[in-house]
Amino acid sequence: MSSYRDEMIISTKAGYTMWPGPYGDFGSRKYLIASLDQSLKRMGIDYVDIFYHHRMDPDTPLEETMGALEHIVRSGKALYVGLSNYDGPTLTRAADILNDRNVPFVLAQNCYNVLNRTVEENGLKDAVKKVKKGLICYSPLAQGMLTDRYFNGIPSDSRIKTDGRFLHEEQVTGKNLERLKALNEIAKERGQTLAEMALAWLLQDEIVTSVIVGASKPEQIKTNLKAVRNIIFSSEELKKIDELSR
Ligand SMILES: NC(=O)c1ccc[n+]([C@@H]2O[C@H](COP(=O)([O-])OP(=O)(O)OC[C@H]3O[C@@H](n4cnc5c(N)ncnc54)[C@H](OP(=O)(O)O)[C@@H]3O)[C@@H](O)[C@H]2O)c1
């Protein structure tokens, strides 16, 4: 990897349980600095391009968490910082602190897809726009729901069968399946698969910097890349998608 390091963007994050015992969670200065040090050691690299604080911490003052991100950038262990799973008001306050300290805060990472509109409802999307940062979306395919994966039953190698933590059978059967198939009809009219349309729907939004797509097979990545061939939507298509997503 070292010969290609300057051509790669590597990011990592901390905010959920990193080790059992004290100081292994959330957003204290001690936790964030130790978590990044451990990640760098595991990856065998000196710095990451983007280091994210992964979730809001109800107990640690925001100034302390942002101060830790500042220290991390000043020490050369990260070039830029990001915030993940923040809501709009907290992101705005955090951005003010980081801007005052000249810390290069570049983007928010949140769950966003055709079926999950939380960022439209909790003020995050508006806040990102207001503070002129980017939004990178995780689970853009709603963990596989926004694909043809479940149109003919639940495959034994699918996430529902192999993981089962975040995606469950009832989410892709009955009325939910009908809704996914209706979305698939719109995709077909656009000459796309449902997965391609779901990714294109995010990429057409000027606030969206990029999408973090998951895959269990290389073919999924190859086909999903076709999404960029058509990211223009008519207002009628957007309206139909909105109606089916709620
Ligand atoms: N910041 C955070 O709190 C947070 C939280 C969650 C995730 N993330 C990040 O986001 C990444 C992506 O999340 P995600 O995996 O939930 O994303 P996703 O893109 O919504 O779902 C990926 C799943 O969709 C299915 N899939 C993908 N392409 C397909 C295709 N062309 N046809 C059929 N099925 C297809 C695969 O399921 P099968 O496995 O069934 O094949 C794949 O595992 C994670 O790896 C993680 O880095 C961040």
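Here are the numbers:
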| read-out | value |
| --- | --- |
| Residue satisfying all of: in region 181-214; of a type in the set (D, E, K, R) and closer than 19 Å to Glu243 by Cβ; farthest from the ligand (Cβ to nearest atom) among these | Glu189 |
| Options Arg55, Arg159; residue that is closer than 30 Å to Ser216 by Cα, within 13 Å of the ligand (Cβ to nearest atom) and out of contact with any Leu (no Cβ under 7 Å at 6 or more places or on another chain) | Arg55 |
| Yes/no for Leu40 being over 21 Å from Lys130 (Cβ atoms), open to solvent by less than 20 Å² (accessible area, probe 1.4 Å), out of contact with any helix residue (DSSP H, G or I) (no Cβ under 8 Å at 6 or more places or on another chain) and not basic (Lys, Arg) | yes |
| Condition check for Ile50: of a type in the set (A, V, I, L, M, F, W, C) and more than 22 Å from the chain's Cα centre (by Cα) | no |
| Selection status of Pro22, within 23 Å of the chain's Cα centre (by Cα), in a loop (DSSP other than H, G, I, E, B) and surrounded by fewer than 17 Cβ atoms within 10 Å (Cβ to Cβ) | no |
| Helices (runs of 4 or more DSSP H) wholly inside region 39-136 containing at least 3 residues that are free of Cβ contacts under 8 Å to residues at least 24 places away in the same chain and in the same structural domain as Ile186 (by TED's automatic domain parsing) | none |
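The values are calculated or read from the model by the stated rules, or taken from the named source; none is laboratory data. All figures in this text were calculated on a predicted structure; none of them were measured in a lab. With ideal geometry, Cβ positions are generated from the backbone for all residues, glycine too; neighbour counts draw on all protein chains shown. Accessible surface is based on the protein model in full, side chains and every heavy atom, while ligands, DNA and RNA are left aside. Shrake-Rupley method; radii C 1.70, N 1.55, O 1.52, S 1.80 Å.
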